[in-house]
1. Can you tell me which of (1) surrounded by 15 or more Cβ atoms within 10 Å (Cβ to Cβ); (2) in contact with a helix residue (DSSP H, G or I) (Cβ under 6 Å, 6 or more places away or on another chain) is the one residue 68 doesn't meet?
2. Hey, can you tell me all the residues within region 30-88 that are among the charged types (D, E, K, R), in a strand (DSSP E or B) and free of Cβ contacts under 8 Å to residues at least 40 places away in the same chain?
3. Which one is surrounded by the most Cβ atoms within 10 Å (Cβ to Cβ) among residues in region 10-29 that are in contact with a helix residue (DSSP H, G or I) (Cβ under 6 Å, 6 or more places away or on another chain) and outside any strand (DSSP E or B)?
Amino acid sequence: MEIMKRCQSCSMPMGTTNELYGTNADGSVSDDYCKYCFENGVFMSNCSLDEMIEVCVPHMTYATDFSAGEARKMLREVLPTLKRWEKA
């Protein structure tokens, strides 16, 4: 079973095609970040970890059965372990 890649900034599942993947500065597909977080080698938003959590909460509640509180709790646990935020 293949593990679904997740964006290393927002944790969004990126699927098995390149459709949701961001791009590096040279135009190649980024293996780490989604198109909403990373384009042409730069992050789309210069936000803090806490700001990213708040941006992601409504998307999670829309796409899952999580309440806002549950989504926020999960994001506070998961996002700090991702590549973008490990050193933040």
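1. (1)
2. Across region 30-88, the qualifying residues are 31, 39.
3. Among residues in region 10-29 that are in contact with a helix residue (DSSP H, G or I) (Cβ under 6 Å, 6 or more places away or on another chain) and outside any strand (DSSP E or B), the one surrounded by the most Cβ atoms within 10 Å (Cβ to Cβ) is 10.
FYI, it's all coordinate maths here, none of it is from the lab. As the structure is a prediction and not an experimental result, all values here were calculated from the model. Every residue, glycine among them, receives a Cβ derived from its backbone with ideal geometry; neighbour counts consider all protein chains shown.
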